[in-house]
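One structure is given here, and the rest of the page talks about it.
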Amino acid sequence: MAAPPDAELSPSLSLELLPTDPLLLILSFLDYRDLVSCCYLNRRLNQLSRHDPLWKRHCKKYWLISEEEKARRNQGWRAIFISTYCDLGRYIQYYATLKKAWDDLEQYLGQWCPRMISSLKESVREEDLDAVEAQIRCKLPDDYRCSFRIHNGQKLVVPGLMGSMALSNHYRSEDLLDIDTAAGGFQQRLGLKQCLPLTFCIHTGLSQYMALESVEGRNKYEIFYQCPDQMARNPSAIVMFITGTSYLEWFTSYVNKVVTGGYPIIRDQIFRYVHDKDCVATTEDITVSVSTSFLPELSSVHPPHYFFTYRIRIEMSKDALPENICQLESRYWKITNAKGDVEEVQGPGVVGEFPVISPGKVYEYTSCTTFSTTSGYMEGYYTFHCLSNKDRFFNVTIPRFHMVCPTFKVSTA
């Protein structure tokens, strides 16, 4: 069959004849791996793939390099991408996420907990992490290594970066361990074999551990608090309260909770109280809200004893009339566990106090409770009397708030 007449007159389409701008536009959509591959296809693509603006997107996406950082380095985008990749290339899938988390955390701490900034340590070198792996004879996950290439944890100080908790006679504040201290606490004993501590509280001795291997019933890279099994004959038998499935998920979820205001800042410390936004009740001009926290260091699975603390905020609207000033007289609690068992508690004041609430004033206090089941809830009311009318008493609703123990598993050691 003969070719159409026009086809014989049309020159064959060649890459060399295509204009530069459309080709650069096409290349701008490629990932860095494909852009590198173009360098080896032919001379034209080799030249175009070296076009410096093409690498700007990759520097920003993978290394979070800003225009200011580029100007400070006095290098082109391509040169910056290559030099950074040579140093941190093995972490390219984690680096941007972890670097942003650290940057967000530092910015937040600078505003709300400035003294904690000075406790952060500088990054470690790749050879330092290799030396730790040789020391403990176990591989560290890349997301963990990547985080320590940004910050080497913190000094052993108070308050700890990973949050605090305080009751009248109990205080916990967890530091994020530097790599050498963590390696010194690496466990090979039965019950905690091949577990690396991530945090440490100098007051309670409590740590969160990361499993470096799937042994004794743990999943690889799982993060947990350990809890001794008090009913087991074997002292190495422990229960693990799971706090994360990987370092990346564990660290970034914590940072996100901090920087979005999910944890309150109290006395220049991050307190790990979780507030349910639906757990708020308003009676007349008074609003009551509740946040809760589970304390693994005071809990036990065998025998069942789950310890929770809660923080209550009582606030009178700033628009309330001055004659609405009132004083808390008593409290009533209805406490229900997961089996439906109910306990009622009634008594004067709260934590030994009888606070006076006036327009715009906030009163907060902390208390605790325990359950024999892994979950339960509390609700109730406060009784107030009006100071301008001593005969007027009224009840203020405490919203129902739930407390749930984190997922746990028993060691098979």
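Tabulated results
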read-out	value
Residues whose placed amide H lies under 5 Å from that of Thr283, excluding near-sequence neighbours	Val288, Thr397
DSSP-loop trypsin sites (Lys or Arg not before Pro) across the stretch 97-140, with at most 12 other Cβ within 10 angstrom	Arg125, Arg137, Lys139
Extension reserve of the Glu323-Gln93 stretch, reckoned as 0.36 nm per residue once the Cα distance is removed	76.7 nm
³J(HN,Hα) computed for each position of the stretch 161-178 - Karplus, 6.51 cos²θ - 1.76 cosθ + 1.60, integer Hz, glycine/proline x	5, 8, x, 10, 7, 9, 10, 4, 10, 8, 9, 9, 8, 9, 8, 8, 5, 6
At most 16 other Cβ within 10 Å, DSSP loop - GluC sites (Glu not before Pro), the stretch 100-141	Glu122
Per residue value of the accessible surface for the chain (all protein chains in place, 1.4 Å probe), Å²	50
With every protein chain in place, the chain: carbon and sulfur % of accessible area (1.4 Å)	51
Added length on full extension, which subtracts the Cα-Cα distance from 0.36 nm per residue, Lys361 to Thr245	37.6 nm
Net charge, Tyr40 excluded, C-beta distance under 14 Å - Lys, Arg +1, Asp, Glu -1	+3
3J(HN,Hα) from dihedral phi, the stretch 25-35, Karplus parametrisation 6.51/-1.76/1.60, rounded to Hz, x for glycine, proline	5, 4, 5, 5, 8, 7, 6, 4, 5, 5, 5
Long pairs among Lys99/Lys155; Lys361/Lys390; Lys60/Lys155; Lys56/Lys99; Lys56/Lys277, criterion Cα-Cα beyond 29 Å	Lys60/Lys155; Lys56/Lys277
Computed helical MRE - 222 nm, the chain, DSSP H runs ≥ 4 contributing -39500 (n - 2.57), nearest 500	-8000 deg cm²/dmol
Contact order normalised by residue count of the chain, Cα under 8 Å, 6+ apart, percent	11
Where chymotrypsin sites (Phe, Trp or Tyr not before Pro) fall in DSSP loop in the stretch 10-106, at most 13 other Cβ within 10 Å	Phe29, Tyr40
Gap separating the Cα centres of the stretch 386-411 and the stretch 142-172, nearest whole Å	30
Estimated distance in nm for a label pair at Asn389 and Asp34, the labels positioned 7 Å out from Cα along Cα-to-Cβ	7.4
In sequence order, calculated HN-Hα J values of the stretch 263-280 (Karplus, 6.51, -1.76, 1.60; Hz; x Gly/Pro)	10, x, 9, 10, 6, 6, 10, 8, 9, 8, 9, 9, 10, 8, 4, 7, 8, 9
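The values are calculated or read from the model by the stated rules, or taken from the named source; none is laboratory data. In this text, all values refer to a predicted model and were calculated from it rather than measured experimentally. Methodologically, a virtual Cβ is constructed for each residue, glycine included, from the backbone with ideal geometry; neighbour enumeration extends over all protein chains shown. What goes into the accessible areas is simple: the full protein's heavy atoms, side chains included, and nothing from ligands, DNA or RNA. Shrake-Rupley method; radii C 1.70, N 1.55, O 1.52, S 1.80 Å.
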